[in-house]
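Accompanying notes for the structure given below.
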Amino acid sequence: AQPVEAIAKARAYISGLGYYVFSLNGKRIGERQLDPVWTDYGKRVLYSTYDLTAALRDGLNCLGVTLGVGWYRLLRFIARIEITYADGSVQSIVSERNGWRYSYGPIVDNSLYFGEKWDLRKEQPFWDCPGFAAQEELWRLPLLVDSPGGALQAQQVEPIAKLRQLTAKLLHSLADGSFVFDLGQNIAGWVHIKVQGQAGDEIAVYFAENLEADGTLDQGTHRRCTSPDVLILKDSQPVEWEPSFTYHGFRYFQVSGLRGKPEPGCVLGIEVRTAVKERGGFECSDPFLNRLFECVRWTESDNLHGVMTDCPQRDERLGWLNDLTVRLEEAIYNFELPQLLRKVEQDIADAQGPGGAIKDVAPFSISHFGNDPADPVCSSFLLLPYLMYLHWADKKIIERHYEAVRGWTLYLHKNSSDGLVDFGYYGDWASPIIYCQEESPVSAITPPAYMSAGFQCLNLKLMGFFASLLGKTQDQQMFGELAQTAVAAFNAKYLDRQKGSYCTGSQACNSFALWLEIVPPEIVPRVAANLAQDVIAKDYHLSTGNICTKYLPEMLAEHGYGDVALKLICQRTYPSWGYMLEHGATTVWERWERETKGGMNSHNHPMNATIGSWFYKYLAGILPDPVRPGFERFFLKPYFLEGIDWVKCRLQTLYGLIEVRWERTAAGIALYAVVPSNSAAQVILPEGYVAEDDQALQLMSGRYRLEIKKLK
């Protein structure tokens, strides 16, 4: 209770588990949602900082905190408020027993998976305002409880926030008097509702990704997460409401309990995710590819919640590292992710055991899914810092986690036979069902052990690079030798030199070997030809799963079969991305089949959205240079594929905005490029194309227009 004129600065440092909402004098402070982000609470607990200087007022001030269970499932709270006065003195207010009271409010139930229920009849108006006349029997002294165990650290990742607001279209009413709405887009978030009724009216909002044929919600893809968000009214006054401690993945929703037909705009869809900025953008002459690109970006956007989740709708929403292995590059091209990726890398390290093994998911909990040790395809632990180095010149993340990634790599080496890992759980997971093992998403045509061995080769090569970068000469030599041994063993075991094919000869097997760059040079053309022939023989359909779906179109393009890659990507019939779009998809499905019932049937899954990086890397040709990372220097290597008349692409970098545009002209190709200040680019043309001036292929900072011709 001091005059505000005497206060120079006031800060609040707060963490509430699982989630919290912070208020001062009856007003919410900040716009953070679902805060703090999920971590292994036994290792680290994150707190957020709030500036209260302008919000404090003369006389008494009242601080309020509302707690929800979140991922922790218990209610814990810690806070420190520091007030610096004009005379230099500092007052600290901490969350001890004295001075604080707790009670229960209108949120009678809340769950990240099973929705939220509010009973406004249980509200205590002005409970977080000075002078509140508390009913003593409802308010108690808080208990001092044990810490979750983790170190308190400042939350540096961008907060989860409410972003886009989508207008819902009323589709129809049902026989029970409820109403069904369509957002036109599958999102992660919740519904904001404006409602008026009578005391005791119960308004329920149910969520779904799909509709049944009769127009009712099909909640099958939500598995157990079919519970609604519920609001019970206390009187006849108008109310605006949305939940605080849950979120849903949905396109359609059903509202019951209304007393009449809802007015336009009374229900809105709110997109809720980690508030990272969009980094890149892509557009071309083909409307289908533009739709696919937006579908990919929405999918990634819907799965950023302090954790890079696998899906937003069902009883999972976990950070699967096998998906992350291939998803990383697409996400990095589309969004500004340095802070989130540093947090993800720390989550993986926090879940690492003393023997070096990591888990399949991070953060890890034995009550959820995932193996310990992880499937060896979880090379995301090494690819993440490598891509951070390429795209943002971040060497510190490699330094910080060097021993951890070294431990994982050596763990796999210790569990090898004849130099190769020989176990795997998932491998090239969830290919089209006709190529899966019976009653399992495990591939029947690409052995998991083959994928594990290949990623072991990659890990050893990356460790050699990391060791070289950090000046660890002994490790550089050791990992170099181990990589040579592993690659030789891989080729000896899996390469059929006569056929020019790897393992079973599946699309996954051949594209993976090419992507790893371990195919003997003289055999590369035959392996690439076999890969293309298999795609053509399947009428331009894929047979890959969550890992090699990324590598298949990339390797086709890089080895002279860009036209085959484009036909594959633009395929409309099953199995394909086009099949999803033809059946109304606005986000990428988990399975290539159109299944909407329970099981593994998410309709919002980034593991098959990895095609997103292909637009940037191949049609636009924007590639980082490992020698001068962070886009200090980069490559422009566009592919001028038949059927595409023009391409526009942009990418924000440390040096500024890269812009690339090319279009077909009467004379050939006009290539436009913007190279940011203090950056440089080298243009690499596809085989059979030449520039009028070869010297123009080396670009310094500036704007360029290059005339390119195709040789006859």
Residues of type lysines that K637 reaches as a straight line, Cα spacing below 19 Å, ignoring anything fewer than 8 places off in the same chain: K550, K617, K648, K709, K710
Alpha-carbon radius of gyration plus Dmax, which is the widest Cα pair, for the chain in Å: 27.5, 89
A134/H583 FRET efficiency (R0 60 Å; Cβ-Cβ; nearest 0.05): 0.60
Carbon plus sulfur fraction of accessible area for the stretch 72-222, probe 1.4 Å, in percent: 49
Cα-projected label distance for Q533 with K414, points at 7 Å along beta-carbon direction, nm: 4.5
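Rounded to the nearest 500, what is the 222 nm mean residue ellipticity of the chain from helices alone, with -39500 (n - 2.57) per DSSP H run of 4+ residues and division by all residues?
After summing the helix terms and dividing by the residues of the chain, the value is -7500 deg cm²/dmol.
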For the stretch 673-685, 3J(HN,Hα) per residue [Karplus equation, 6.51 cos²θ - 1.76 cosθ + 1.60, θ = phi - 60°, Hz, x = Gly/Pro]: 8, 10, 9, x, 4, 6, 10, 9, 9, 10, 8, 10, 8
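So if each residue of separation counts as 0.36 nm, and I subtract the Cα-Cα distance between D109 and A199, what length gain in nm does that give?
Working: separation 90, 0.36 × 90 = 32.40 nm, distance 1.92 nm.
Contour length minus Cα-Cα distance gives 30.5 nm.
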Label-zone membership for the stretch 71-89, site E5, 7 angstrom Cα→C-beta point, backbone N under 20 Å: 84-89
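Counting other Cβ atoms within 10 Å of each Cβ, which trypsin sites (Lys or Arg not before Pro) in the stretch 556-631 have at most 15 and sit in a DSSP loop? Write down the numbers at each step before the final one.
Values: sites: K567, R572, R591, R594, K597, K617; in loops: R572, R591, R594, K597.
Sites meeting the loop and neighbour criteria: R572, K597.
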Spin-label model distance (nm) - A393 vs L60, 7 Å beyond Cα toward Cβ: 5.6
Degrees, to the nearest 10: 287-301 long Cα axis against longest axis of the chain: 50
Between 0 and 90°, nearest 10: helix 380-392 axis offset from the chain longest Cα axis: 90
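Keeping every protein chain in place, order R273, R32 by accessible area at 1.4 Å, biggest value first, i.e. largest first.
Working: R273 15, R32 50 Å².
Of R273, R32, the descending order of accessible area is R32, R273.
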Estimated FRET transfer efficiency (L171, N290; beta-carbon r; R0 30 Å; 0.05): 0.70
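Tell me, what is the percent relative contact order of the chain, built from C-alpha pairs under 8 Å that lie six or more residues apart? Provide the component values of the computation, followed by the final result.
Details: 1593 pairs, mean separation 74.5, N = 712.
Across the chain, relative contact order equals 10 percent.
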Mean accessible surface per residue for the chain, computed with a 1.4 Å probe while every protein chain stays in place, in Å²: 40
Carbon and sulfur %, accessible surface of the stretch 257-345 computed with the full protein complex present, 1.4 Å: 49
Vicinal HN-Hα couplings computed from phi for the stretch 696-708 (Karplus, 6.51 cos²θ - 1.76 cosθ + 1.60; Hz; Gly/Pro x): 6, 7, 9, 10, 9, 3, x, 10, 9, 10, 10, 9, 10
Net charge, Y426 excluded, C-beta distance under 11 Å - Lys, Arg +1, Asp, Glu -1: -4
Estimated distance in nm for a label pair at T665 and M600, the labels positioned 7 Å out from Cα along Cα-to-Cβ: 5.0
Sequence-distant residues sharing a close amide H with F634 (under 5 Å, placed H): A680, A681, Q682
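In nm, what is the difference between 0.36 nm times the number of residues separating F369 and Y85 and their Cα-Cα distance? Walk me through the intermediate numbers first.
Numbers: separation 284, 0.36 × 284 = 102.24 nm, distance 5.04 nm.
Length gained, F369 through Y85: 97.2 nm.
Taking the Cα centre of the stretch 50-197 as origin, sum charge times position over the Cβ atoms of Lys and Arg (+1) and Asp and Glu (-1), and report the length of that vector in debye to the nearest 20. Let's see the in-between values first.
Values: 14 positive and 16 negative charges, 62 e Å.
Here the stretch 50-197 has a charge dipole of around 300 debye.
If you count, for each residue, the other Cβ atoms within 10 Å and average over each peptide, how do 67-73, 162-168, 318-324 line up from highest to lowest?
Working: 67-73: 19.3, 162-168: 15.6, 318-324: 27.3.
Sorting 67-73, 162-168, 318-324 by mean packing, highest first, produces 318-324, 67-73, 162-168.
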Unsatisfied cross-links (Cα-Cα over 20 Å) in the set K395/K461; K567/K712; K359/K414; K27/K343; K169/K194: K567/K712; K27/K343
In order through the stretch 596-613: 3J(HN,Hα) via Karplus (6.51 cos²θ - 1.76 cosθ + 1.60), integer Hz, x for Gly, Pro: 10, 8, x, x, 8, 9, 4, 9, 8, 9, x, 5, 9, 9, 5, 4, x, 6
Cα long-axis angle, helix 473-494 against the chain (0 to 90 degrees, to the nearest 10): 70
Carbon plus sulfur fraction of accessible area for the stretch 589-645, probe 1.4 Å, in percent: 49
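Treating only the Cβ atoms of Lys and Arg (+1) and Asp and Glu (-1) as charged, compute the dipole magnitude of the chain about its Cα centre; round to the nearest 20 debye.
On the way: 69 positive and 84 negative charges, 181 e Å.
My answer is approximately 860 debye.
The values are calculated or read from the model by the stated rules, or taken from the named source; none is laboratory data. None of the values given here were measured: they were computed from a predicted structure. Every residue, glycine as well, gets a Cβ built from its backbone with ideal geometry; the counts of neighbours run over all protein chains shown. Please note that ligands, DNA and RNA were not included when accessible areas were found on the heavy atoms of the full protein model with its side chains. Shrake-Rupley method; radii C 1.70, N 1.55, O 1.52, S 1.80 Å.
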